[in-house]
Amino acid sequence: MQAGGGGGFFPRGRPRSADTVRLRKRKSALYSAAPGAGGERGPDLIGENIYLVLFTITLRVLNCFLVQTSFVPDEYWQSLEVAHHMVFNYGYLTWEWAEGLRGYSYPLLFATIYRVLQLLAKDDVQLLYLCQLCSWFTWYCCTRTLTNTMETVLTIFALFYYPLEGSKTRSSCKYLTLVALAFIIRPTAVIPWIPLVLWHFWQEQKKVDLVLYSYIPVGLVTLGISLIIDRVFFGEWILVQLKFLKFNVLQNLGTFYGSHPWHWYLTQGLPVILGTHLPFFIHGCIQAPKRYRIFLVVVVWTVLVYSTLSHKEFRFIYPVLPFCMVFCGYSLKQLKTWKKSAITFLLLSNLLPALYTGLIHQRGSLDVMLHMQQLCNNSSNQSWASVFVMMPCHSTPLYSHVHCPLPMRFLQCPPDLTGNESYLDEADIFYSNPLKWLNEEFYNGTLPTHLVFFSVLEQEISSFLALNGYEKTATVFHTHMPQGRIGSHIYIYTRRVK
């Protein structure tokens, strides 16, 4: 979670206005053709893969419609909100963009989509694949606009070209390009690839050629493109990847947004995102041949590196999920007579959490924006309406979901970069005494017409609401598992016009 600086009703700080499928042959038993096939792929396999592609497309389209909840603030604030600001020239940029910790390469993808929409407005492998498809966490994350999602997608494509023993699609230049793109989008993407790149270099006989014709050209071109893009939008030369690594890894300032014990990824993070795939992953690790050990090294290495950082989130280790699925797929192959039962179990056991997290859990953050968007439908509302979101910072998206320059403010939580140990952000100060904060903030000041907050706050600020003529006009469900500052519902209070 991130935020920008602010104060008063309007935030201060940085100026703002209000796939042809390509099949590959393998020599190992896992990927070999059926007995009697002579090692050649027949027309039946082609037909099967056509249906697999159609099934995948249908499933992912359905996935898009059945994920209507929010996960973490970054899926909006580091992608959609930035892209919206790039195209429409109004909105809000968080403090990272003022500090140059983030790059515009990833938001540019969505900015392009926004621009197109704006114009339109104007006039074995199969088992591995199955494991990945039915993973509840893949379902939950794969359609979201998180940089972690794009990092995972690029990792999957890069693995297709990685020079693994027996691979017929190996291409050093292609896989390194995809890894470099992932690094540009999210610098920590390099973590799982460190052992893979080192292993490739160790195995490569023409090491000098690899460095001169792959490493250096790919690195210079991708980094150069990133520098140019950020130069255009920042207005100055800046290496955001270095600043990102310095902030999140070297200085470990992410602890400002929460910290967990060192073992969290081992005891909670990885088991949760694997879900019912966990026993198959363990079984696959035991049964898998030596050629796959490098993938297990990647999983262990990545989890251990991330464990050294205090700030931990489930999405941070999402990119290791495809590596885990290699072992899950191999496990299913070894089950033989129990294979169909195991596949059925995985599908059914992942269906409920996928649907629940995609349709119900934390959906209020998005549903409440539909109410805010209605204020934009009537042009007369924009002249007098204003919104104050009194929730933990970045609990909702903003202009990327409203699409009009409606005055909106939220509680902010930028970290202190000066080393002040007693620093409290605006959100912390507010929640320490909400009623006092409101009375002081709006003493003889202009009150917002609409207040948005979690239900846990209602009783504590009831006197302020009554005194200033606010009435509850909407109740939006958010979650069945409220905790701390997060309530089960989101309330919208509207001030009566006298």
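The values are calculated or read from the model by the stated rules, or taken from the named source; none is laboratory data. Remember, it's a predicted structure, so these values are computed and weren't measured experimentally. Here the Cβ positions follow ideal geometry from the backbone for every residue, glycine too, while neighbour counts run over all protein chains shown. Side chains are part of the model used for accessible areas, which takes the heavy atoms of the whole protein and leaves out ligands, DNA and RNA. Shrake-Rupley method; radii C 1.70, N 1.55, O 1.52, S 1.80 Å.
Structure notes:
- Whole-angstrom gap from the stretch 172-200 to the stretch 336-387, using each part's C-alpha centre: 32
- In the complete set of protein chains, residue-level accessible area for residue 229 is approximately 30 Å², probe 1.4 angstrom.
- Computed from the Kirkwood radius of its Cα pairs, the Stokes-Einstein diffusion coefficient for the chain at 20 °C and 1.002 mPa s stands at 86 µm²/s.
- Those Cys residues of the chain for which no other cysteine Cβ falls under 4.7 Å: 64, 134, 141, 142, 173, 285, 324
- Excluding ligands, DNA and RNA, the accessible surface per residue across the chain is 49 Å² with a 1.4 Å probe.
- Look at the dipole of the chain built from charges on Cβ: of 57, 73, 172, the Cα furthest out on the positive end belongs to 172.
- Close amide H partners of residue 474, meaning residues 5 or more places away or on another chain with modelled amide H under 5 Å apart, are 492.
- Nonpolar atom fraction for the chain, defined as the carbon and sulfur part of the 1.4 Å probe accessible area, stands at 63 percent.
- Cross-link pairs exceeding 23 Å between alpha carbons, from the set 174/339; 290/336; 290/340; 168/290: 174/339; 290/340.
- For the chain, the dipole from Cβ point charges (+1 on Lys and Arg, -1 on Asp and Glu) about the Cα centre works out to 1500 debye, to the nearest 20.
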